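Comments concern the structure below.
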Amino acid sequence: MLVVAGCSFEVTPGAAGGGADDVDAGVDAAIAIDGSPDAQAAPLPLFAASNQMLHELDLDAHTTRLVGPIAPPGGSPIDVDGLALNGTMLIGLTPGGGELITIDPATASVTQRKTLSPAGPLGGLTVAPAGEIGADAIVFAGSGDKLVRINTATGAVSTVGLFGQGMQFYTDLAWVKGVGLFATLEQGPCFDVCFARINPSTGVATVFRSNLTGTGANLFGLSGYRDSLWAFNSAGPVLAVNQATGLMTLEFDPLIPWTEAAITRPRTTRSPGSPSSRRCACRGS
């Protein structure tokens, strides 16, 4: 994916409930800590890519760590057009979607490459975990005007269905556990760029926020981390997205030009629309 250079990011502070700003500083989500022993383990990271580099993010500490270049042992770094967690490993798409690659999240090393068929433009990856739709995990991607599924064992790409109303895939997909599939789309009723819910059985898209111009048009990564929806702006901001309104709240800004994002398994749950337990400052435009 291309990274938009020279973007600025601005937040207009607002009271809870917010207004119609691209990023609403009044719509945030509280963190509800699960009391189970598993939930009290060390904070689990979120992974994101900036061109050929893999980063690990800690949303509690508002920190990032460079894991390394996404590359096969002894080989050249690879750009990715999609990134998702599949089991204990990350998976990604090479530019244009010709290959599905497996990435070790501890080292960023590419451990496997599989040719996808039929060949075609693919972008954005997300995984519906086992039990969410069926007994097995399902890998989704976007391809032009349709949603597709990828068989990670064979490399076969199959069409789920059209987004409808002339809408086209824009940059990324994200599965939010217990909620469903989200995407950024363009054209048709999107009026440039939009957030949409996607029916994982038919591919049909339902827009819940359109006209994502400016900051919203530069969202190059989505994630379903911690059972919530997150967006990654290409200029650096990491944003929490209200799943009902599409309003975005700044979590923090590491000043890294993001291109893709992927989740680990959830440790806590955020409730969209509830008051924030944390607020961070952002750089002005």
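Structure values in brief
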{"quantity": "Whether the range 29-272 is rounded, prolate or oblate, judged on the alpha carbon gyration tensor where a/c under 1.5 counts as rounded", "calculated": "rounded"}
{"quantity": "Fewest-first sequence of Ser223, Ser50, Ser234 by Cβ atoms within 10 Å of each Cβ", "calculated": "Ser50, Ser234, Ser223"}
{"quantity": "Sorted by Cβ neighbour density within 10 Å, fewest at the top, the residues Met53, Met167, Met248, Met89", "calculated": "Met89, Met53, Met167, Met248"}
{"quantity": "Leu185, Leu250 arranged by Cβ crowding within 10 Å, fewest neighbours leading", "calculated": "Leu250, Leu185"}
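Quick note: the coordinates plus some simple rules give every number you see, no bench work behind them. These numbers come from a predicted model, not from an experiment. Quick reminder, even Gly has a Cβ in these numbers, built from the backbone with ideal geometry, and neighbours come from all protein chains shown.
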